[in-house]
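The block underneath contains the structure these notes are about, expressed in structure tokens.
The values are calculated or read from the model by the stated rules, or taken from the named source; none is laboratory data. Everything numeric here is computed off the predicted structure, so don't read it as measured data. Here the Cβ positions follow ideal geometry from the backbone for every residue, glycine too, while neighbour counts run over all protein chains shown. Ligands, DNA and RNA are stripped out before the accessible areas are found, and what is left, the full protein with its side chains, is counted by its heavy atoms. Shrake-Rupley method; radii C 1.70, N 1.55, O 1.52, S 1.80 Å.
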Amino acid sequence: MSAYIIEGGSKLYGSVRVHGAKNSALPILAACILTNGECVIDDCPPLRDVEGTVRILRRLGATAVRDGDTLAVKASALAKNDIPDSLMREMRSSVIFLGALTARYGSARLSYPGGCELGPRPIDLHLAGLRSLGAKIVESGGGIECSAPDGLRGCDISLSIPSVGATENIMLAATAAKGRTRIFNPAREPEIVDLQNFLTAMGAEVRGAGGSIIEIEGGKPLHGARHRVIPDRIVAATYMAAVASAGGAVSIENVRPADIASVSAVLREAGVDIRESQNRIEVASEGRLKSVRPIKTQGYPGFPTDAQSIVMSVMASAQGTTMFVENIFESRYRHAGELIRMGADIRVEGRVAVVSGVKRLYGANVSATDLRGGAGLVVAALGAEGETAVGDIEFIERGYCGLDESLAGLGARISKR
Ligand code: EPZ
């Protein structure tokens, strides 16, 4: 397993461009199988999770040709409707293909995606939504058989939790369902709006994403389209936190400030100087930051769970105590133990973590426990005293392209071993 070696203490200066959003690219790539036409997806970075999705597309019989950050996908020769256990286990978010395959074929076979580092990742809302659309779903032996021999029919679906994945799966399936589907209490994330925009470009009739009801008029024939993936708001938040942790002044390019406003508000409260313009956020930080009021993770536009570990690393050396409440995932504090190895003072009790800021963290040997937890350790190491080795960076590479090069370009002393 590879590691990042980081010598803390170098302030960060310069500018850095944010790449396309992993959590937008994945459902958009799944949507490409809804048409025989060619789909060209721009700003689709070669992240581990994106390349995993490309492997699934190719296994299903689609072609996917990469030219830099642009992927051309054509599903005219699609020949399979099942995703094997090995590929499902590699990336549980592949469950997003359930809706798209059922829409395309009228049937799909997936193995259960199972849990991950963040705890059990149930898909009951995905399955309930597809059943509401008329799909017959048999769960047995760790597998899911989804079929709709008489096709799918639009209906009203109310989500008890505004699940991002369930919202996306239902949107994808509903494009093939006859009549109108309305999703009540959907996820409102920018990535959901991006998926709506791509489906609309393909000829689908989808509206309301980002709001409280998403409406899909299904049964329209879909054609190929070209689409640029929105910037990755969590990668942007990571760069903001890196400056907050290490100090300096950085211009973050290709970012939509509204997508990450809740994180900007917290960092401003801590004392970070943040200036926003249309596609840029300028971040400057000097000296020790202050603790902030409790941070409670919520669906968009609330504080994103994906930024929790990243901001915790900043608060670990702020003056005062900050409380975190992780409302989205059951076990998303595994990075806290690694931060404690770096001298952090963190108490975890169920969904609550109390972070009492210490003067400065010190370098240590730590390991990424998950994608964003690993990114948080990099943020902590940039501001720590001495050398930190962050192991298991394969987790980090699932969602960050060339994080070490980008940070080195800003003056960080970071290398990959
Ligand atoms: C998406 O995961 C993201 N992943 C996650 O990003 C992100 O943390 C999460 O949304 C929340 O914003 C992708 O988009 C690929 P959910 P998803 O369904 O769709 C429960 C990252 O770091 N739930 O909104 O799996 C679930 O257990 C990753 O980039 C059910 O109970 O998240 C969780 O507690 C990590 N039943 C909560 O809802 C279901 O059927 C929110 O999950 C589905 C979800």
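Out of everything in segment 155-170 that is part of a loop (DSSP other than H, G, I, E, B) and free of Cβ contacts under 8 Å to residues at least 60 places away in the same chain, what residue ends up being farthest from the ligand (Cβ to nearest atom)? Among those that are part of a loop (DSSP other than H, G, I, E, B) and free of Cβ contacts under 8 Å to residues at least 60 places away in the same chain, it is Cys155.
A quick yes/no check of all residues on (1) of a type outside the set (Gly, Ala, Ser); (2) modelled with pLDDT of 95 or more; (3) in contact with a helix residue (DSSP H, G or I) (Cβ under 8 Å, 6 or more places away or on another chain); (4) open to solvent by less than 20 Å² (accessible area, probe 1.4 Å):
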| position | (1), (2), (3), (4) |
| --- | --- |
| Thr200 | yes, yes, no, no |
| Val206 | yes, yes, yes, yes |
| Glu215 | yes, yes, no, no |
| His223 | yes, yes, no, no |
| Arg228 | yes, yes, no, no |
| Asp232 | yes, yes, yes, yes |
| Ala244 | no, yes, yes, yes |
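Take the conditions (1) open to solvent by less than 10 Å² (accessible area, probe 1.4 Å); (2) farther than 21 Å from Ile41 by Cα; Pro162 misses just one of them, which is (1). Restricting the search to strands (runs of 3 or more DSSP E) fully inside segment 192-301 and requiring at least 1 residues that are within 16 Å of the ligand (Cβ to nearest atom) gives 213-218.
Scanning segment 247-256 for any residue that is surrounded by 23 or more Cβ atoms within 10 Å (Cβ to Cβ) and closer than 30 Å to Gly363 by Cα turns up at least one such residue. Return yes or no: is Tyr105 more than 16 Å from the ligand (Cβ to nearest atom) and open to solvent by 20 Å² or more (accessible area, probe 1.4 Å)? So Tyr105 fits the description; yes.
Going by what's in this entry, would Gly373 be described as outside any loop (DSSP other than H, G, I, E, B), surrounded by 22 or more Cβ atoms within 10 Å (Cβ to Cβ) and modelled with pLDDT of 95 or more?
Here the answer is yes, as Gly373 does meet what is asked.
Residues that are open to solvent by 10 Å² or more (accessible area, probe 1.4 Å) and either within 16 Å of the ligand (Cβ to nearest atom) or out of contact with any Pro (no Cβ under 8 Å at 6 or more places or on another chain) (or both) within segment 305-324 comprise Thr305, Asp306, Ser317, Gln319, Gly320, Thr321, listed in sequence order.
Being assigned to a loop (DSSP other than H, G, I, E, B), in contact (Cβ under 8 Å) with a residue 12 or more places away in the chain and either in contact with a helix residue (DSSP H, G or I) (Cβ under 7 Å, 6 or more places away or on another chain) or open to solvent by 30 Å² or more (accessible area, probe 1.4 Å) (or both) is the filter here, so list the residues in segment 115-132 that pass it.
Initial filter on segment 115-132 (assigned to a loop (DSSP other than H, G, I, E, B)): 115, 117-118, 120-123.
Next, only the ones that are in contact (Cβ under 8 Å) with a residue 12 or more places away in the chain stay: 115, 117-118, 120-121, 123.
Gly115, Glu117, Pro120, Arg121, Ile123 - these are the residues of segment 115-132 that are assigned to a loop (DSSP other than H, G, I, E, B), in contact (Cβ under 8 Å) with a residue 12 or more places away in the chain and either in contact with a helix residue (DSSP H, G or I) (Cβ under 7 Å, 6 or more places away or on another chain) or open to solvent by 30 Å² or more (accessible area, probe 1.4 Å) (or both).
Looking only at segment 385-417, count every residue that is in contact (Cβ under 8 Å) with a residue 24 or more places away in the chain, assigned to a loop (DSSP other than H, G, I, E, B), under 19 Å from Arg48 (Cα atoms) and open to solvent by less than 30 Å² (accessible area, probe 1.4 Å) and tell me the total. Working first, answer last.
Of the residues in segment 385-417, the ones in contact (Cβ under 8 Å) with a residue 24 or more places away in the chain are 385-401, 403-404, 406-407, 409-417.
From what is left, the residues that are assigned to a loop (DSSP other than H, G, I, E, B) are 386, 392-393, 398-401, 410-412, 417.
With the extra rule that they be under 19 Å from Arg48 (Cα atoms), the set shrinks to 392-393, 398-401, 417.
Pick out the ones that are also open to solvent by less than 30 Å² (accessible area, probe 1.4 Å) and you get 393, 399-400.
Qualifying residue count for the region: 3.
Here Val65, Val40, Val73 are screened, and the one residue that is surrounded by fewer than 16 Cβ atoms within 10 Å (Cβ to Cβ) and outside any helix (DSSP H, G or I) is Val65.
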